[in-house]
Amino acid sequence: MNERNGNRELGKVANIFVGKEDHGIFTCSISIEFNGGGSQGFGGLRLNEDKLGKSFVKDLCETFGVKKLDDLKDKECYALRCWDGFNDRIEGLESVNTGKRFIISNWRRKMGFESLSPLEEKRNSLKTDIEYAKQRIERCKKELRTLEKNYTDWEKE
């Protein structure tokens with residue numbers, strides 16, 4: 001049975017990656033396998049090998065009460081999402097054992113980044129999508145007006 005309650009879904013840490021991904025970007029990604037099936041990644045932020053990477057790993061370890069990142073494997077946790085849509089981004093992890101939470105937007109602010117809240121990010125993204133859709137509609141209307149003029153009917157040629 002999938003233990004999903006709204007925006008909070010029970011799972012366990014399946015895989016951990018820390019290092020340079022295939023584009024040469026240093027990152028930390030945690031794969032969560034959910035009790036009802038399926039999996040999803042958490043993290044995947046562009047970090048560096050110094051301050052950001054070390055802080056990210058340290059704070060994750062503290063959240064789960066472990067000494068090193070590899071000790072997170074098989075730990076139960078809740079994936080915390082801001083919305084309950086299928087595969088919406090995981091904003092944080094909550095350790096079942098410690099009850100502590102690691103929230104990405106909080107971590108970004110702690111590290112001194114100006115960080116929009118997930119609500120503000122989503123709002124901006126939707127506004128951008130709407131603007132793009134309006135532009136696409138105009139391009140389609142223009143193409144529709146000239147469709148017949150630009151058409152070559154090879155059956156009649």
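The values are calculated or read from the model by the stated rules, or taken from the named source; none is laboratory data. Since the model is a prediction, treat every value here as computed from it, not as a measurement. Please note: Cβ atoms are built from the backbone with ideal geometry, for glycine as well, and neighbour counts cover all protein chains shown.
Of the residues Leu72, Leu147, Leu119, which is under 22 Å from Ser55 (Cβ atoms) and of a type in the set (A, V, I, L, M, F, W, C)?
Leu72
Provide a single number: the residues in segment 112-143 that are farther than 21 Å from Asn7 by Cβ, assigned to a helix (DSSP H, G or I) and among the charged types (D, E, K, R).
10
Based on what the data block shows, is Val18 touching a residue at least 40 places away in the same chain (Cβ under 8 Å) and among the hydrophobic types (A, V, I, L, M, F, W, C)? Can you show your working first?
Values: touching a residue at least 40 places away in the same chain (Cβ under 8 Å): yes; among the hydrophobic types (A, V, I, L, M, F, W, C): yes.
So Val18 passes the test.
Check whether at least one residue in segment 132-144 is at pLDDT 95 or above, more than 30 Å from Val66 (Cα to Cα) and within 24 Å of the chain's Cα centre (by Cα), and report yes or no.
yes
So in segment 29-48, with the set limited to residues that are hydrophobic (A, V, I, L, M, F, W, C) and modelled with pLDDT under 90, which one is surrounded by the fewest Cβ atoms within 10 Å (Cβ to Cβ)? Steps first, please.
Quick first cut of segment 29-48, residues hydrophobic (A, V, I, L, M, F, W, C) only: 30, 32, 34, 42, 45, 47.
Okay, now just the ones that are also modelled with pLDDT under 90, so 45, 47.
On the way: Leu45: 16, Leu47: 20.
So, considering only residues that are hydrophobic (A, V, I, L, M, F, W, C) and modelled with pLDDT under 90, the one surrounded by the fewest Cβ atoms within 10 Å (Cβ to Cβ) is Leu45.
Give segment 104-115 a look and list any residue that's over 11 Å from Phe42 (Cβ atoms) and either among the small types (Gly, Ala, Ser) or surrounded by 14 or more Cβ atoms within 10 Å (Cβ to Cβ) (or both), or say none. Break it down into steps so the answer makes sense when it comes.
Residues of segment 104-115 over 11 Å from Phe42 (Cβ atoms): 105-115.
The answer is Ser105, Asn106, Trp107, Arg108, Met111, Gly112, Ser115.
Looking at Asp74, Asp70, Asp84, which one is touching a residue at least 40 places away in the same chain (Cβ under 8 Å), on the phi > 0 side of the Ramachandran plot and either charged (D, E, K, R) or surrounded by 14 or more Cβ atoms within 10 Å (Cβ to Cβ) (or both)?
Only one candidate qualifies: Asp74.
Report, by residue number, each residue of segment 62-102 that is modelled with pLDDT under 95, touching a Leu at 6+ places or on another chain (Cβ under 8 Å) and over 22 Å from Gly38 (Cβ atoms).
Listed by number, the list holds a single entry, Leu69.
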